[in-house]
C-alpha cells in the first residue's frame, strides 16, 4: 500500500477498512484507498471482484440493495459518509454518478439537465445552467437546436454525455463513473475520455473500467482489485500512479493482469 | 445424407401438425365469439305481433291515426283514472306534448298495447311468410311489425311493467354511479398500496405474507366478496351506508355506496397487482439515475416512477373496471333492486345495474323479455368494448416512450 492509512486532509475521498456484505457473503474485504482532488482515479480488475460495489459505496448507492451492508469508513473531505447523522441524499448530491448504460430520463434534453438542479433547490438562471452543463459535457453543439426533443432521441454517446451534463448540473464535487463507455463505440468512447480529461480541472473523477487501455489513457492513479486467495471477496491489491501500475507493478498478480497473463 | 433429409422432413411434419393444432384452437375461439354475437343480435331484432288489449273501437271515436291532439287528450282523460291522468299531466302537461308523443301515450296507456309473440331475426328474415300466416291466423286483430329492440327509447326510458315500453335507463345510471364511486375508492387505495409494496416495503416475511395474500385475493370468487359486503357494508355499517347518520331515514344498507365499497374490495387486488407490475416495469436504471442526482425516494417516485408506469396502471385499472361492470353475483347479495323506476339520486339511493337487469329480464316468463335481455347485453358489450379499446389505446399511446 502506497497510500496513507489515515486521513491527512490531502485526499478528497478516502476508504478505510471497507468491508461490504451481500447478506452473509462478504463481497468486498478490507478495501483501503484514497482519491486525490482533481485527479482521475481508475479502479480496474477482473469481473466480479467488486469494483462497482466499491464505487457505489462512495455515494451510498448500495443503500438501495436490501441485503447490502457496509462496514468501515468512507470519508469525503474528512467527513464520514456513513456516520448516522449523514443524509445519503446529501451525499449523492455532492458525489454524482454516471452509469454503465446511458440512462437519460424519458424527458426533454433540457429537462434531463434541469431536473436534478431544480429538486436540489437551484434558484439561479436555469437556461444558463443547462447550457453550461451541456457545454461542460461537450454535447452542447449536438443538442443546442433540439433542447426540447426527448433525451432518448440521441445516439448512445450523446446520451452518455447528456448523463454527464445532468450530473454536472447538480454541481457535485466528485463524479463516479461506472464503466461509462462499455456500451459505446470507439469514437464515442474517445470523446468521453477527452471529456474526462477536461472535467478533472474542476471535478474529481473515479472511474471503474474493464478496459485497461482506457485506464492507462485517462487515469492518474489506478487501483487494482482482485479476488482474495479464497476467491470469495474482492479487495484492492495495489494502488499507485497509473504509469507505475502499467509498467512496474509491485504485485505479481497486477503484472499478470495488465500484461494479459491473468487466469 | 438420405437419413438426414428423412428425419428433417419428419421434423417439419411435426411442426406442421402443431401449427395446424394451434390454428384450430384459434378458429374455435373465433367461432365461439361469432356464435355469441349471432345469438345476441339474433334476439335483439325481429318480427313481433303487437295487439291492443283494449279494442280501439270501444274507447276512441275514430282510428288512432286520424285523431287530432285534442281528441286524443279527451280520450286519455276519459279512459285513465283521475289520479293517473293528473300524474301524467304533472310530468308533462298534455297540451304541450307533440302528436307522436300523444299517440304513443294513447297506445301505451289507453289501448294498453302488448306483445303477443316475437320471432328471432333469422326467422323473421327467412320465414317471414310463414310467420305472417301464423300471426294472421292466431292474432287476427294484432299487427305484425319488424321491431328493433335496442332503440334510443330503450336506453333512455326507465323500467316499466310493459316490456314494450321498458327501458334500462335506471340500470345504466346505476351502473354508472356504482362504477364511478368504485373507481374513486379503489384507484387511490390500489395505486397507493402498489407504490408502497414496490417502492418502500422491504422483503421481510411480513410483507411477503401480505403480497401472497393479495395475489390470492385476486382469485377469490366474487360471490365471497358479496358475502363480505353484505356482512360489513350492508349490515354492520348500516347507519353509514344507509345514510342514517346523514339524516336519510327512508333507506336501508342496500345502497349504491355499499355496492361501490364491495366492488372496490373486489377489484382492489387486481388494481394493486397490475399497478405493481407497471411499477416494476419501470427500468431500475431510471431510479438509479434519479437517486444519483440527489433525489429523495418520493421525488424519484413522483417524477419518474409514476409518470412512466401510469399507462400500465391505467390499463390495469380499466381492465379491472370492466370486470366490475360485468359483475352480478356480489351485487345480488349486497341487494341491488331488480325493479326500480326512478333514477338513483345519490350515494344512499337504491339501485340496479345492467347485468342484474339482464338477469332479471331473462327470469321473466314472457318471450319478449328475451329480446330485451339481448338488447341490454348489446349495450353492456358496447360499454365493455369501449373501455377495453381505451385500455389498448393508452397502452399503445405511451408504451414506446421508454
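Here, each number is a calculation from the coordinates, and none is a lab measurement. Since we're looking at a predicted model, the values are computed, not measured. Backbone-built Cβ (ideal geometry, glycine too); neighbour counts: all protein chains shown.
Going 7 Å from the Cα of residue A:10 toward and past its Cβ, which residues in region A:58-83 have a backbone nitrogen under 18 Å from where you end up?
Within reach of a label on residue A:10: A:75-79.
Could you list the residues of region B:254-286 with an amide nitrogen less than 15 Å from a label point located 7 Å from the Cα of residue B:302 in the Cα-to-C-beta direction?
No residue qualifies, since no backbone N sits under 15 Å from the label point.
Treat each spin label as a single point 7 Å out from the Cα along the C-beta direction, and report the residue A:69 to residue B:57 distance in nm.
Label-label distance for residue A:69 and residue B:57, simple model: 10.2 nm.
Compute the separation of the alpha-carbon centres of region B:1-77 and region A:13-37 and state it in Å as a whole number.
Their Cα centres are 72 Å away from one another.
Label-point separation (nm) for residue B:345 and residue B:100, each offset 7 Å from Cα along Cα-to-Cβ?
3.1
Would you calculate, for chain B, the mean residue ellipticity at 222 nm contributed by helices, counting each DSSP H stretch of 4 or more residues as -39,500 (n - 2.57) and dividing by all residues, to the nearest 500?
Computed ellipticity for chain B at 222 nm equals -20500 deg cm²/dmol.
For chain A, take the longest principal axis of its alpha carbons; what is the angle in degrees between that and the long axis of helix A:109-119, to the nearest 10 within 0 to 90?
The angle comes out at about 70 degrees.
What distance in nm separates the simple spin-label points at residue A:250 and residue B:277, each placed 7 Å from Cα in the Cβ direction?
A separation of 5.7 nm, rounded to one decimal place.
Counting only other chains, what is the mean number of Cβ atoms within 10 angstrom of the Cβ of each residue in peptide A:119-126?
2
Taking the Cα atoms only, what angle lies between the long axis of helix B:128-138 and the longest principal axis of chain B, rounded to 10 degrees?
Helix B:128-138 and the main axis of chain B meet at about 50 degrees.
Report the full-extension gain for the segment residue B:338 to residue B:92: residue separation times 0.36 nm, less the Cα-Cα distance, to one decimal in nm.
85.9 nm
Over region A:111-206, what portion of Cα pair distances is larger than 23 Å, expressed as a whole percent?
The proportion of pairs with Cα distances above 23 Å equals 20 percent.
Stretch residue B:245-residue B:209 to full length: gain in nm at 0.36 nm per residue minus the Cα-Cα span?
Using 0.36 nm per residue and subtracting the Cα-Cα distance, I get 9.3 nm.
Alpha carbon centre of region A:104-152 versus region B:277-351: separation in Å?
Answer, in whole Å: 33.
Taking the mean number of other Cβ atoms within 10 Å as a proxy for protection, how do you rank B:142-150, B:6-14 from highest to lowest?
B:142-150, B:6-14
Per residue of B:293-306, what is the mean number of Cβ atoms on other protein chains within 10 angstrom of that residue's Cβ?
5
When only C-alpha pairs under 8 Å and at least 6 residues apart count, what is the relative contact order of region B:121-189, in percent?
That works out to 15 percent.
Pairs of Cα atoms under 8 Å, at least six residues apart: use those to get the relative contact order of chain A, whole percent.
Once divided by the residue count of chain A, the mean separation gives 26 percent.
Which whole-number percent is the relative contact order of chain B (Cα, under 8 Å, 6+ apart)?
19
In degrees, nearest 10, range 0 to 90: what is the angle between the Cα axis of helix B:69-79 and the longest Cα principal axis of chain B?
Compared with the principal axis, the helix lies near 90 degrees.
Return the average number of partner chain Cβ atoms within 10 angstrom of each residue Cβ along peptide B:282-290.
Mean inter-chain Cβ contacts per residue within 10 Å come to 5.
Using only alpha-carbon positions, what ratio does the radius of gyration of chain A give when scaled by 2.2 N^0.38 Å?
Normalised by 2.2 N^0.38 Å, the Cα Rg of chain A equals 1.00.
In deg cm²/dmol, rounded to 500, what helix-only [θ] at 222 nm does chain A give when every DSSP H run of at least 4 residues adds -39500 (n - 2.57) and the total is split over its residues?
-9500 deg cm²/dmol
Ranking request for peptides B:252-261, A:91-100, B:87-96: highest mean number of other beta-carbon atoms within 10 Å first, then the rest in descending order.
So the order, starting with the most tightly packed, is B:252-261, A:91-100, B:87-96.
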